[in-house]
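The values are calculated or read from the model by the stated rules, or taken from the named source; none is laboratory data. What you see is a predicted model, and the numbers here were worked out from it, not measured in a lab. Don't worry about glycine lacking a Cβ; one is built from the backbone with ideal geometry, like all the others, and counts go over all protein chains shown. Heads up: the accessible areas ignore ligands, DNA and RNA and are worked out on the full protein's heavy atoms, side chains in. Shrake-Rupley method; radii C 1.70, N 1.55, O 1.52, S 1.80 Å.
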Amino acid sequence: DMRLAAEAGLVGRSDRGSVYDRFRGRLIFPIKNLSNQVIAFGGRIIADEDEAKYINSSDTPIYKKGEHLYGLAQARKGITVKGRALLTEGYMDVLTLHQFGYDNAVGVLGTALTPDQIKRLSGFTSQLTLLFDGDRAGRKAALRSCEMLLTRGLACTVVLMPEGEDIDSLLRTQGTDIFEDLRRNAPEGMAFCVRCLRDMAPREAVDWAREFLRQVELPELVSRFASTLSTGLGL
């Protein structure tokens, strides 16, 4: 039934009303819910065509992209056993991590980290390791993710990939030892935030700190965070 296929985001309709396969010429990544049912798809371009590298299913009656995490159905046991989740951005990153034994890895789905995703993860663990690219965009996304996790009372560490490397290339060319070193030496979330704030203009840093403290959900954490921020920023 083409109407159902369109509603499920599998096919699109052109301006002329004809139906086309949204995921043509792409490697498909099934996205599952916690019951292991396929609810959506991601697609990576295979040929070097002038199209978006990745496309994802749009929201449908059974899928809201800000609520789910890629690989959570497969990683839930690993997260529970290890007491920690590895959180990354891409489909391939999640697959590579699982291949190298990191069965507690999950990925955000084509969006920045959302409150719904955090809520879902916090049902399994309160400890997260964030994995981001080491470029400016990666650091900015890591700072925003730390802010969202810390203000909700979760703990995190931040691993930034070395320049020019991603998780896939790092693990395949250098193995797990380098990755384990990065994880071992990863700054705790608040320390990472302070490091980022020192690179900002003083006024921008103070505004960030004020807004951060305003968002903290557990009142008993406010004084501890305020103390760390004031010491780190020399205020």
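Among all residues of the stretch 11-31, there is at least one that is closer than 30 Å to Ser126 by Cβ and either open to solvent by 50 Å² or more (accessible area, probe 1.4 Å) or small (Gly, Ala, Ser) (or both).
Against the test of being surrounded by 17 or more Cβ atoms within 10 Å (Cβ to Cβ) and farther than 18 Å from Leu154 by Cβ, the options Leu113, Leu97 yield a single qualifying residue, Leu97. In the stretch 154-180, the residues that are farther than 23 Å from Met190 by Cβ form Cβ pairs under 7 Å with partners that are part of a strand (DSSP E or B), at six or more places apart or across chains, as follows: Ile167/Thr88; Ile167/Leu131. When you scan the stretch 162-173, do you find a residue that is more than 19 Å from Phe100 (Cβ to Cβ) and touching a Gly at 6+ places or on another chain (Cβ under 6 Å), even just one? Yes, there is a match, as at least one residue in the stretch 162-173 is more than 19 Å from Phe100 (Cβ to Cβ) and touching a Gly at 6+ places or on another chain (Cβ under 6 Å).
Any residue at all in the stretch 58-79 that is hydrophobic (A, V, I, L, M, F, W, C), in contact with a helix residue (DSSP H, G or I) (Cβ under 7 Å, 6 or more places away or on another chain), under 28 Å from Asp166 (Cα atoms) and open to solvent by 50 Å² or more (accessible area, probe 1.4 Å)? Checking the stretch 58-79: not a single residue is hydrophobic (A, V, I, L, M, F, W, C), in contact with a helix residue (DSSP H, G or I) (Cβ under 7 Å, 6 or more places away or on another chain), under 28 Å from Asp166 (Cα atoms) and open to solvent by 50 Å² or more (accessible area, probe 1.4 Å). Are any residues in the stretch 180-235 surrounded by 14 or more Cβ atoms within 10 Å (Cβ to Cβ), of a type in the set (D, E, K, R) and not in a helix (DSSP H, G or I), and if so, which ones? Of everything in the stretch 180-235, just one residue is surrounded by 14 or more Cβ atoms within 10 Å (Cβ to Cβ), of a type in the set (D, E, K, R) and not in a helix (DSSP H, G or I), namely Glu188.
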